[in-house]
Structures are given as structure tokens and as C-alpha cells.
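Worksheet for the structure shown next.
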Amino acid sequence: DSSFLHFHESDCDIGGSSSCESMLSLNTEKILSQAKLLAEQKRFPFATDNDNTNEELAIAYVLIGNGLYDEAIRHFSTMLQEEPDLVSAIYGRGIAYGKKGLHDMKNAELALFELSRVISLEPDHPEVFEQRAEILSPLGRISEALSDLTKAIQLQPSARLYRHRGTLYFISEDYATAHEDFQRSLELNKNQPIAMLYKGLTFFHRGLLKEAIESFKEALKQKADFIDAYKSLGQAYRELGNFDAATESFQKALLLNQNHVQTLQLKGMMLYHHGSLDEALKNFKRCLQLEPYNEVCQYMKGLSHVAMGQFYEGIKAQTKVMLNDPLPGQKASPEYLKVKYLREYSRYLHAHLDTPLTEYNTDIDLPGNFKDHWAKNLPFLIENYEEQPGLQPHIKDVLFQNFASYKPDVQELICVADHLGSMMQYETPGFLPNKRIHRAMGLATLEVMQAVQRTWANSKVRMNGKTRLMQWRDMFDIAVKWRRIADPDQPVLWLDQMPARSLSRGFNNHINLIR
């Protein structure tokens, strides 16, 4: 927003200053005429009372505007040799170092040094504190940047300063304080779609979804083609469990930009958790065409394939996530932490694909340590762990079944199951209906009925390859079996079958009480 840095971009591409030397001589006249105008109007910071000095300063500021940072720094330095306390030159040199690029720590340190000198000479100018905050925040020195912005606000509050400070509080996850700043910013200038979007996000991250939705809609009134606002609106509706409204918002974002990776990713995740695996997969594939190294889409692609019984494709995608090792000092992504468990479990499921479900038992077959680490979502560091067998070619993937190809009595079973399963849906905000889980739980209900009916006549059941009297757990095991099939991403394990020491340490069950 600093007006003095928005000149016309130079036609010459700044690869290195040498490639521009020849251009510079051609552009000298243009630069001098721009500088003359700037000096006459004193349209640069800390202009002096001396016209000659102002013209010299203006030339250096025009050089910054044209992206010739090294030339600008040389120009300012020459002036500072003659007049070491020339505030405008110190300030300009600081700006030029900052613009050169903060990826080089030397530039950042020099920029901070110059701006701090300006503050010691002229402590009452808010823009200097703001510029210093702009350099501190990308370096991760957020608390120092915040105190600079607070100082600038004390000197001269403005909508921009409140928005800038709110953004830093937001990054620091202090959503309540961030909300206050965005609110103040909007009071000073109500037409700010970005501030309105962030205000909505401060609600969203505190679980105040209905308030967030209002803010996102307000941002869209101010800027009708605001993709991020549509994306956030979709995500808020998804968290409320409103599938149709969420779909509509995601669609609007994708109409504005069909290659918007984040929207494709979020829409795919929602479709997966709605039980529409085919549709979800299309979004993840599109996402990966645009961003081949997107870990979330790669993980979800692998998961969707496995959930549909397509193990070859699924394990291929999972392996790609596993190869994406975090760099030293970098935090591993949630997908990277989960993918090894999913791959092992996928191999286990594939190996037992042709075995009747009554003949094996996941709780007994999987090693205790593996189950413990998986349930607690710990990094995959398991001593003496023997990997599950790789995919055997003679075990084929699950064939896709068409509803019409089922016999009438099977069709009837499925329709009744869908009806029964839908009765387990919570009719309260925060629960996205999942057709796949509904069907699985409906089929579980029917199988429990069948098992009880058989037991009534016979009193024996077949479990884990043995025949014995039916107990209460056998009924539950039927439901557990279907719940496992419905979503291989979630470990569904009996607690009393876990290793004793892991049980004694207790488990974290995250239960959302209020969304």
C-alpha cells in the first residue's frame, strides 16, 4: 500500500544488475523525469527542505520503483557518505535491502539495521514501524513485529495497520485478539473483502460456524469473484454437516477457477466423508495433475482406492506419500505419519480378501505394538516389526458391482439396509451424513438380526474359524466388521485386545462435544 513504491515496472528483467547496465543508460532519461516529478511533489518519505537533495533522493526512490535495488543502494550510500544522518536515505536504503529479498539473511539484517536507525532519529513515524514489522514477520519474529505494529497504531491508527496486526495475531492462532483487530479495521473502512474473510476465519477456528458463514457471505457481497471466500464458505457448511450448501460453494469456487487446488482437495475430502468415493477420487486425481506432490490428495487417493477394494492402485499411491520424507527439522505431515499404517493394513486386507470373514480376526492378527501406535497416531517406529506380505498376483482386486446386476432379493436387502442405516444419523449441526457408513451399519443391523435368529434355533456361532456358543461380543463383532470395511482410514480396535501396558497408559478419545 505504500504509494511511493508503485512506479511503472521497468521493461527490463532484473536477472542481475549487469544485464541491466545497457538498459539503464537507455532508461536514464525516463528515470530522471520520474525523479523530477517526485521531487517537486515531495512524494517520497522524509523529504528535506533542499531541492537538490530531494532530486538526488528521488532518483534513488525511482530506482527502487524500477526494481534496480543495487543501484538504489549505491546511490543512497554515496549521499550518506556526505550526510550520514540523512533520514530519507537511511530509510530508502533499508527499503531497498528489504526488497532485494529476505531469503538472504544479510539483506534482512541490513534492512532492520537501517530502519532501526531511522526510528532512533525520527521516532514518531508510523510507516517506519510498519515497514520494520513487514521484515520481521516473514523471519518468524512475530512478537517483535506485533509490538512494532502496536506502536504504529498508537501513533496513527488506520484500517491497514489493524488489518496487518490482525493477520499476525491470526498466524499466531490468537483468534479472539485477531477478531478484534479485523473488526476495528472494518469499522475504519468497511469495504475490505480480505479483512472480512479473515474475520470469518477467526470465527471458524473458534467453532463459531454460523457467524463465520455470515462473514464469508459479507466478503462475497464486497467481491463477487472471491474464490477463497467461496472455499471457506464451503468448508464452514461442511463442518456444519450441510452437504448440499457446501457442494454449491465449492462448485462456485471451481467455476471461477477450475484449477484451484485447495478447493479440489477440500471438496474431495468432503465427498470421501460423505461416502461418495468415485466422485472424491476424481477430485484427488485432478488435484494431483495440478500439484503432483500434494500429500493430502495423494494420501486420500490411495485411501479411496483401498476403500473401494482397488488395492494395486491404492498401495501405489500410498507408497508415493511414504517416499516424501520430511526434511531435517521439518515437522512430518499428518498424512506422512498415517500412511505406513494404512499401507500395512491395506496389505493385510488384501491378503485376506479371499478368506471368509469368520475365519480370521484383525484384533488377534495385527501385532500389539502396531495396534497401539496406530490407535495413538504415533510415528511408525515399531521394534522387530515384520511387514505384511506384499500383494499376491493370484488375489484379484474387488470388482465394481452395479446395483442393477444384483438379484432382486439382494437389492431388497441393500434398500432396507440404507433405510435402517440412515436412522443412525444425528440430526444436529456438525455431523456430515455418510451414505457409505449408513449402508454398512444397515447391513450390520441385518446381519445381527440373522445371527440372533440362527442362534435362537441353534445357539452356536462360527467365529475365528471355531464353532461355539454365541456371546454378547459376537453380536458386536458383526457391527465392528462392517464399520472396519466402511473406512479403512480409522483404526476400529477392541481395547481389551490391546497390549496391557498401552491400556494402562490410557487413550485419547477426541470427542467433539460442541461444534
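The values are calculated or read from the model by the stated rules, or taken from the named source; none is laboratory data. In this text the structure is predicted, and so the values were computed from the model without any measurement. Positions of Cβ are generated from backbone atoms using ideal geometry, with glycine treated the same way; all protein chains shown enter the neighbour counts. Side chains included, ligands, DNA and RNA excluded: accessible areas come from the protein's heavy atoms. Shrake-Rupley method; radii C 1.70, N 1.55, O 1.52, S 1.80 Å.
List the lysines whose Cα sits under 29 Å from the Cα of Lys36, skipping any in the same chain fewer than 8 residues away. Result set, ordered by chain and number: Lys99, Lys100.
In this rough spin-label picture, where each label sits 7 Å from Cα along the Cβ direction, the Gln81-Lys316 distance is 6.6 nm.
Shown in residue order for segment 242-248 are the 3J(HN,Hα) couplings computed by the Karplus curve 6.51 cos²θ - 1.76 cosθ + 1.60 at θ = phi - 60°: 8, 5, 5, 5, 5, 4, 4 Hz (x for Gly and Pro). In the chain, Cα pairs under 8 Å separated by at least six residues give a relative contact order of 8 percent. Only residues of segment 268-301 count here: report those whose backbone N is under 17 Å from the spot 7 Å along Cα→Cβ of Phe400, or say none. Flagged as within label range: 272, 275-286, 301.
Highest-first packing order for the peptide set 486-497, 282-293, 408-419 is 282-293, 486-497, 408-419, based on the mean count of other beta carbon atoms within 10 Å.
Counting only alpha carbon atoms, the long axis of helix 295-307 and the longest principal axis of the chain meet at about 10°. Counting Lys and Arg as +1 and Asp and Glu as -1 over every other residue whose Cβ lies under 12 Å from the Cβ of Glu56, the net charge comes to -3.
Helical content of the chain, expressed as a calculated mean residue ellipticity at 222 nm, amounts to -20500 deg cm²/dmol (DSSP H runs of 4 or more residues, -39,500 (n - 2.57) each, divided by residue number, nearest 500). The angle between the Cα long axis of helix 227-240 and the longest principal axis of the Cα atoms of the chain comes to about 30 degrees, rounded to the nearest 10. Placing pseudo-labels 7 Å out from each Cα toward the beta carbon at Gln258 and Asp244 gives an inter-label distance of 2.7 nm. Bridging of Lys106 to aspartates and glutamates at a Cα separation below 18 Å is possible for Asp70, Glu71, Glu114, Glu134, once same-chain residues fewer than 8 apart are set aside. Distance between the C-alpha centers of segment 315-329 and segment 78-126? Whole Å please. Measuring centre to centre over Cα atoms gives 43 Å. With contacts taken as Cα pairs under 8 Å at a separation of at least 6 residues, segment 403-502 carries a relative contact order of 22 percent. Restricting the calculation to Cα atoms, segment 191-292 yields a radius of gyration followed by a Dmax of 13.3, 41 Å.
Number of Lys-Lys pairs in segment 403-502 with C-alpha atoms under 25 Å apart and a separation of 8 or more places or on different chains: 5. The alpha-carbon of Lys223 sits under 29 angstrom from the alpha-carbons of these lysines, leaving out residues fewer than 8 places away in its chain: Lys190, Lys199, Lys210, Lys231, Lys252, Lys267.
Protein heavy-atom surface of the chain, 1.4 angstrom probe: 53% of the accessible area is carbon and sulfur, with nucleic acids and ligands not counted.
For the chain, the longest principal axis of the C-alpha atoms and the axis of helix 159-171 are separated by about 40°.
For Met463, the residues whose modelled amide H falls within less than 5 Å of its own, excluding neighbours fewer than 5 places apart on the same chain, are Arg468. Computed with every protein chain present, the accessible area of Thr358 is close to 60 Å² [probe 1.4 Å]. For the chain, the solvent-accessible area of protein heavy atoms averages 54 Å² per residue (probe radius 1.4 Å; ligands and nucleic acids excluded).
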